[in-house]
1. Return the residue satisfying two criteria in turn: it lies in the range 294-313 and is buried (at least 18 other Cβ atoms within 10 Å of the Cβ) and either assigned to a strand (DSSP E or B) or of a type in the set (S, T, N, Q) (or both), and of such residues it is farthest from the chain's Cα centre (by Cα).
2. Where residues in the range 445-477 are touching a helix residue (DSSP H, G or I) at 6+ places or on another chain (Cβ under 7 Å) and part of a loop (DSSP other than H, G, I, E, B), which of them is nearest to residue 301 (Cα to Cα)?
3. Restricting attention to the range 149-168, does a residue exist that is within 16 Å of the ligand (Cβ to nearest atom) and crowded, with 20+ Cβ neighbours inside 10 Å?
4. Here's a check for you: in the range 331-369, which residue that is free of Cβ contacts under 8 Å to residues at least 12 places away in the same chain and either of a type in the set (Asp, Glu) or part of a helix (DSSP H, G or I) (or both) is farthest from residue 129 (Cα to Cα)?
5. Looking at the range 217-235, I want the residues that are in contact (Cβ under 8 Å) with a residue 12 or more places away in the chain and part of a loop (DSSP other than H, G, I, E, B) and have a partner that is surrounded by 24 or more Cβ atoms within 10 Å (Cβ to Cβ) and among the β-branched types (Val, Ile, Thr) with Cβ atoms under 9 Å, at least 6 apart or on another chain. Which pairs are those?
6. Quick one: how many residues across the range 396-444 are under 16 Å from residue 467 (Cα atoms), assigned to a loop (DSSP other than H, G, I, E, B) and not hydrophobic (A, V, I, L, M, F, W, C)?
7. Sort through 291, 266, 250 and tell me the only one that's within 27 Å of residue 445 (Cα to Cα), surrounded by fewer than 24 Cβ atoms within 10 Å (Cβ to Cβ) and within 16 Å of the ligand (Cβ to nearest atom).
8. Would you confirm, using the coordinates I've provided, whether residue 272 is within 21 Å of residue 87 (Cα to Cα) and at pLDDT 95 or above?
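The values are calculated or read from the model by the stated rules, or taken from the named source; none is laboratory data. Fair warning: this is a prediction, and the values are worked out from it, not measured in the lab. Every residue, glycine as well, gets a Cβ built from its backbone with ideal geometry; the counts of neighbours run over all protein chains shown.
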Amino acid sequence: MSYMMIRAGLRSLSVPAKLQLNRMVRTGVDALRNNTLLASQAYINGKWVTAENKATFEVYDPATGDSLAAVPDMTSTETEEAIKAASCAQNGWAKTPLKERSAFLTKMKTLVDENSEMLAEIMTYESGKPIAESRGEVKYGNSFFEWFAEEAKRIRGDAMLHPVKRDSRYMIVRQPVGVSALITPWNFPLAMITRKAGAALAAGCCVVIKPAEDTPLTALAIAKIAEKAKLPAGVFNVVTCSRKNAESVGETLCLSSDVRKLSFTGSTPVGKHLYSLCGSTVKRISLELGGNAPFIVFDSADVDKAVQGAMGCKFRNTGQTCVCANRIFVQSGIYNSFCSKLAEKVKSLKYGHGMDPTNSLGPLINERAVVKVKEHVDDAISRGAALQAGGHLAPEFGPNFFQPTLVTDVAVDALVNREETFGPLAAVTKFETEDEVISMANSVKVGLAGYFYSNNAAQIFRVSEALEFGMIGVNEGVISSELAPFGGVKESGVGREGSMYGIEEYQELKYVNLNF
Ligand code: SIN
């Protein structure tokens, strides 16, 4: 079925769809009525502001299609104001003693803990994420505030004797890069802000955040946390805009010579465009772009453990993570056993509105995402794959639902093996030898995360070295942690986030030659 036919099919679905909502799920503007972290203005220079022309755009619940709120649809005008506010605050923030910067981050961490349920609720309503996963993301996201509050105190440099002169010293200091623009995605609306902003603030950089148009409410809720923590005006700014204005707001951030750093998480094509724009001012840049993760199961693996790992790795966030398994390669000796166990698990997945705690999968973010999954399923089947579970849209649940799906015997050249799906589709391809699977795994242009299951020690060393990915899970399907450097190789990006290395992305090394 072509892209146009799938879109036409989606449009003709019964409207309004017969929603399978749990009684505890509120809908539309009522949904977040009692949530005191809900904001409908953007946050610039310590003030809650509208767009200069008063324009707004709607934020929708992807599970129902209902409008949740309207927020300012800002343009380059307000973006420049935010950059100006951050530039004015930059010197003061850079000079704020380390312990004070650390205390601000600790305060933000405490406030996130105290408001965790409201943050999780906002996230589930605007991103569709099941509530248990939103609660998990609040904890995961907050681990970056905690981590970087600690790292802030450990910023240090080096001092060395001069190699030949008695009265000279070399000194190397770390200084904040300066105003940092953070462009964040909808799939982890909280953690991608805390992972970037935690490091930036700890290093002494003021931030201008542009959240994805699908999930601005979580970003604004974090701005409320920054306000409650009494961060000085201009240190933390959030500019909201619709898809229509996203390009001009992004360009303003990339082309401004007052912005010294861009950190972007999102698609590879957009990342490449921003990368080239940043060249005009030679900005520091971190890019966390698309992946197409291989998930390899060797004959020696513990099959139950591998099936469990594949479920978490593939279906977390309804398959909408950059690091989720996209291509599942299983060796011939255990192929049938793995596929039948995986089919059982996929068929048992319950999906529906994320606020119903019994659901482990929610909707996809929008119609474009549903169309892509359907295309990948249809393409795999047209090339001989067998449909074992799901395979169809689920309009009776809401406009953006797709059934958790498993296809087996997928051809190596199927679309799903070439492109990231970003949805609840598990696609399994059989392989025979280690060399064959390594070459299939490395055949793509991206290299974010890769996973494999094996109980052969020599193979574990060989394969983890041979895979061309920035992060590798060995007998482990969920690898993200504030302690570990997150990032990819090849077209998956540049730079690392989180961990002891993440703060370096927001620091310049300055060398001082002291002669006395
Ligand atoms: C992502 O999908 O971009 C982030 C996933 C993670 O941090 O685990």
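1. 297
2. Residue satisfying both the conditions and the ranking: 454.
3. no
4. This residue is 336.
5. Note: pairs meeting the criteria are 234/44; 235/207.
6. Within the range 396-444, residues that are under 16 Å from residue 467 (Cα atoms), assigned to a loop (DSSP other than H, G, I, E, B) and not hydrophobic (A, V, I, L, M, F, W, C) number 3.
7. Checking each option against the conditions leaves just 266.
8. So residue 272 fails the test.
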